[in-house]
Number of protein chains: 2
Amino acid sequence: MTEYKIALVGFGGVNRGLAQLIAERNQSWRKELGLSLKIVGVTDLFLGSIMARDGLDAAELAKLPSSKGAFAQLPGGSAEAFNETIIKQSGADIIAEATFTNPVDGEPATTFCRWALEGGKHVVTTNKGPIALHADELKALAKRNGVCFEYEGSVMSGTPVIRMARETLPGAVITGFEGILNGTSNYVLTRMEEGLSFADAVRKAQELGYAEADPTADVEGHDVRLKVVILANELLDAKLTVNDVNCSGITSLSPADIERAQQSGERWKLIGSATRNAAGAVSASVEARLLDNSHPLAGISGATNAVSFNTELLGAVTVSGPGAGRIETAFALLSDIVAIHKSVSKK
Amino acid sequence: MTEYKIALVGFGGVNRGLAQLIAERNQSWRKELGLSLKIVGVTDLFLGSIMARDGLDAAELAKLPSSKGAFAQLPGGSAEAFNETIIKQSGADIIAEATFTNPVDGEPATTFCRWALEGGKHVVTTNKGPIALHADELKALAKRNGVCFEYEGSVMSGTPVIRMARETLPGAVITGFEGILNGTSNYVLTRMEEGLSFADAVRKAQELGYAEADPTADVEGHDVRLKVVILANELLDAKLTVNDVNCSGITSLSPADIERAQQSGERWKLIGSATRNAAGAVSASVEARLLDNSHPLAGISGATNAVSFNTELLGAVTVSGPGAGRIETAFALLSDIVAIHKSVSKK
């Protein structure tokens with residue numbers, strides 16, 4: 001049994017979910033996973049920060065009100081976010097980075113990852129920014145420092161995609177993938193098939209918490225584009241940047257388009273995809289596509305996400321599951337920690 | 001780079017597919033997987049056997065005619081199947097067991113596995129018999145002898161199910177599963193939805209090579225029952241035997257049943273499932289079930305197979321892909337060999 005000291009950077013839904021899981025399940029993890037987690041620091045731009053090398057009470061952290069500077073309410077806490085101190089000085093073995101995604105330069109998350117990796121700490125993150133924009137640099141940094149850098153949750157929350165390809169498909173030869181990688185847009189399309197207008201479907205998605213107040217990144221494909229870059233680089237060893245991916249969304253689809261598709265046994269889906277051609281070049285796109293009902297992604301309804309791997313030896317292998325959610329995404333961090341534990345244990 | 005000497009037991013479609021893959025891909029595996037395979041023996045009750053500690057020509061083996069005693073045509077080959085000699089004396093590091101499934105006692109495959117494991121050889125198999133009926137004994141035998149026993153292909157050919165659960169879902173807490181685990185019966189149901197009678201749909205499946213001359217094991221659920229036992233014991237740590245699983249098939253479904261389901265937005269599927277209840281007991285069944293179109297397995301059409309894992313932290317996570325096929329099942333053996341290579345390399 002190994003106890004890992006962990007510091008949480010960003011304390012929104014995801015790391016709060018992880019704190020809740022630690023509070024509820026640390027005991028069973030000892031037996032089932034051979035590990036336990038001790039939170040030694042938390043920092044968040046809005047809530048402030050707190051550090052305790054002897055460990056913080058995970059249940060108490062999970063219950064912290066979401067009010068500005070709330071960490072100041074706890075003994076030893078501060079209303080200020082001492083990010084660098086928490087990352088470098090809390091004595092953590094692992095940094096769980098779950099701040100907001102910045103699609104332009106991946107900051108400040110990328111800097112947080114750099115600090116951690118340079119300091120010889122493992123990093124687990126659910127943040128698309130650092131992975132889509134700086135994965136190569138951060139992976140090399142991790143390697144140089146003999147630590148792990150894991151990011152399963154950057155695509156499809158805790159539903160295994162990156163780790164599934166890495167652990168179960170070597171030798172099958174992945175030649176491309178197609179994915180439904182944004183739950184909001186898939187939910188909107190599903191409701192439009194039930195007769196709602198685009199605007200009403202978006203409103204429904206907002207009511208349910210799937211869509212942001214500004215749904216642009218979801219319905220215009222920008223969110224999917226980041227995930228396509230991550231998966232193409234990870235699964236196809238491409239060197240794509242965001243600008244290499246042609247991107248359009250679902251806003252131009254009319255109720256008549258949707259209805260016509262249904263009548264001919266087809267469905268519109270927002271598909272993020274990439275393919276390696278015979279010469280080895282990888283091309284990628286995000287666009288609304290008309291799928292025949294027999295396509296493995298045609299049956300993916302509502303907020304569910306899915307990726308269909310196209311392989312030489314197996315044809316299409318598809319995984320579907322949640323693409324978002326507090327606990328679902330916190331599980332991605334846990335699965336990364338389990339992978340680190342395996343890697344460390346075999347050394 | 002490690003070269004493994006491998007002996008093939010049973011030389012029907014699956015191990016012949018593996019020989020073909022070795023002939024075509026050994027070179028690229030050296031680079032991509034860090035391993036290569038050398039066939040040192042093959043034995044088959046119908047074709048005979050052959051052994052060569054310096055290695056056999058995989059391409060030549062793959063092309064061997066399917067005629068009785070055909071191995072006698074090759075230099076050093078025999079029309080007789082010297083199973084025990086090939087398993088024990090060929091100098092193999094790995095035995096690839098792919099003989100026919102015997103659902104009653106798992107023989108002779110189980111004896112073949114025993115011989116190999118007792119002799120300190122790793123075993124990879126695609127055979128449901130030994131796993132559904134004798135997994136505990138064989139796993140213990142492997143452990144005692146310090147070797148690996150892998151059987152990804154016993155369920156859903158090369159589509160990762162067992163390894164997916166083991167490598168990507170620890171900590172998610174699997175509480176049950178539902179699966180479409182027989183391609184023939186799912187193909188029959190899909191064609192019945194298109195208006196065919198049961199008899200005509202079965203005939204179609206036979207023409208396409210999905211169904212045997214006697215389709216009983218497929219359409220009555222017996223094949224699925226073995227897979228449910230394997231998955232329940234593997235994923236839920238159950239101790240089920242075949243008799244613990246209530247089993248019925250799809251033969252009682254009429255075209256009218258199918259049509260009524262379609263009209264109410266539902267689909268009939270042959271579902272193999274198991275659930276762990278609050279007290280820890282696992283119950284399992286095979287039966288035709290009416291699924292709402294929003295169910296993750298409702299969209300699985302034709303000969304495709306799928307398993308939906310029900311988990312505490314992620315809800316339903318579903319994997320779908322081929323459930324049969326020569327090369328697809330041979331990939332299962334390769335994926336088992338890759339897993340052995342990882343396990344051996346870390347020692």
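The values are calculated or read from the model by the stated rules, or taken from the named source; none is laboratory data. Remember, it's a predicted structure, so these values are computed and weren't measured experimentally. Methodologically, a virtual Cβ is constructed for each residue, glycine included, from the backbone with ideal geometry; neighbour enumeration extends over all protein chains shown.
Only a single item in (1) under 15 Å from the mean Cα position of the chain (by Cα); (2) at the interface with chain A (Cβ under 10 Å from one of its Cβ atoms); (3) hydrophobic (A, V, I, L, M, F, W, C); (4) assigned to a helix (DSSP H, G or I) is not met by B:VAL229, and it is number (2). Counting only strands (runs of 3 or more DSSP E) that fall entirely inside the stretch A:260-345 and contain at least 3 residues that are among the basic types (Lys, Arg), the qualifying elements are A:266-276. In the stretch A:145-159 there is at least one residue matching the filter, namely being within 14 Å of chain B (Cβ to nearest Cβ) and in a strand (DSSP E or B).
In this structure, does A:GLY17 turn out to be in contact with a Phe, Trp or Tyr (Cβ under 9 Å, 6 or more places away or on another chain) and within 14 Å of chain B (Cβ to nearest Cβ)? When the stated conditions are applied, A:GLY17 passes them.
Among the residues of the stretch A:266-297, those identified as within 14 Å of another protein chain (Cβ to nearest Cβ) and either of a type in the set (Val, Ile, Thr) or surrounded by fewer than 19 Cβ atoms within 10 Å (Cβ to Cβ) (or both) are A:GLU266, A:GLY280, A:ASP292, A:ASN293, A:SER294. B:ILE250 meets the conditions (1) at pLDDT 95 or above; (2) away from chain A (no Cβ under 11 Å); (3) closer than 30 Å to A:ASN186 by Cα in every case but one. The failed one is (3). In summary, B:LEU169 fulfils each of the numbered conditions (1) under 30 Å from A:LEU35 (Cα atoms); (2) assigned by TED's automatic domain parsing to the domain that holds B:ILE337 with the single exception of condition (2). Total residues in the stretch A:318-330 satisfying the condition of being facing another protein chain (nearest Cβ under 7 Å) and more than 26 Å from B:ASN305 (Cα to Cα): the figure is 1.
For the subset of the stretch B:30-45 comprising residues that are touching a residue at least 12 places away in the same chain (Cβ under 8 Å) and surrounded by fewer than 24 Cβ atoms within 10 Å (Cβ to Cβ), which member is nearest to B:ASN127 (Cα to Cα)?
The initial filter retains those residues of the stretch B:30-45 that are touching a residue at least 12 places away in the same chain (Cβ under 8 Å), namely B:30, B:33-45.
Checking the rest, the ones that are also surrounded by fewer than 24 Cβ atoms within 10 Å (Cβ to Cβ) come to B:30, B:33-36, B:38, B:45.
Values: B:ARG30: 27, B:LEU33: 25, B:GLY34: 26, B:LEU35: 24, B:SER36: 23, B:LYS38: 22, B:LEU45: 16 Å.
Only one residue fits best here, namely B:LEU45.
The residues in the stretch B:204-216 that are assigned to a helix (DSSP H, G or I) and either surrounded by 22 or more Cβ atoms within 10 Å (Cβ to Cβ) or modelled with pLDDT of 95 or more (or both) can be counted, and the count is 1. If you go through the stretch A:160-184 and keep only what is among the small types (Gly, Ala, Ser), in contact with a Gly (Cβ under 8 Å, 6 or more places away or on another chain) and more than 13 Å from chain B (Cβ to nearest Cβ), you end up with just A:GLY179.
I'd like to check something: does the stretch B:300-309 contain any residue that is aliphatic (A, V, I, L, M), over 25 Å from B:GLN263 (Cα atoms) and within 9 Å of chain A (Cβ to nearest Cβ)? Scanning the stretch B:300-309, I find no residue that is aliphatic (A, V, I, L, M), over 25 Å from B:GLN263 (Cα atoms) and within 9 Å of chain A (Cβ to nearest Cβ), so the answer is no. Every listed requirement among (1) closer than 24 Å to A:GLY120 by Cα; (2) of a type in the set (S, T, N, Q); (3) in contact with a helix residue (DSSP H, G or I) (Cβ under 8 Å, 6 or more places away or on another chain) is met by A:SER90 save one, (3). Looking across the stretch A:128-169, the residues that are touching an Asp or Glu at 6+ places or on another chain (Cβ under 6 Å) and either in contact (Cβ under 8 Å) with a residue 60 or more places away in the chain or under 19 Å from A:ASP93 (Cα atoms) (or both) come down to A:GLU150, A:GLU152, A:SER157, A:GLY158, A:ILE162, A:ARG163.
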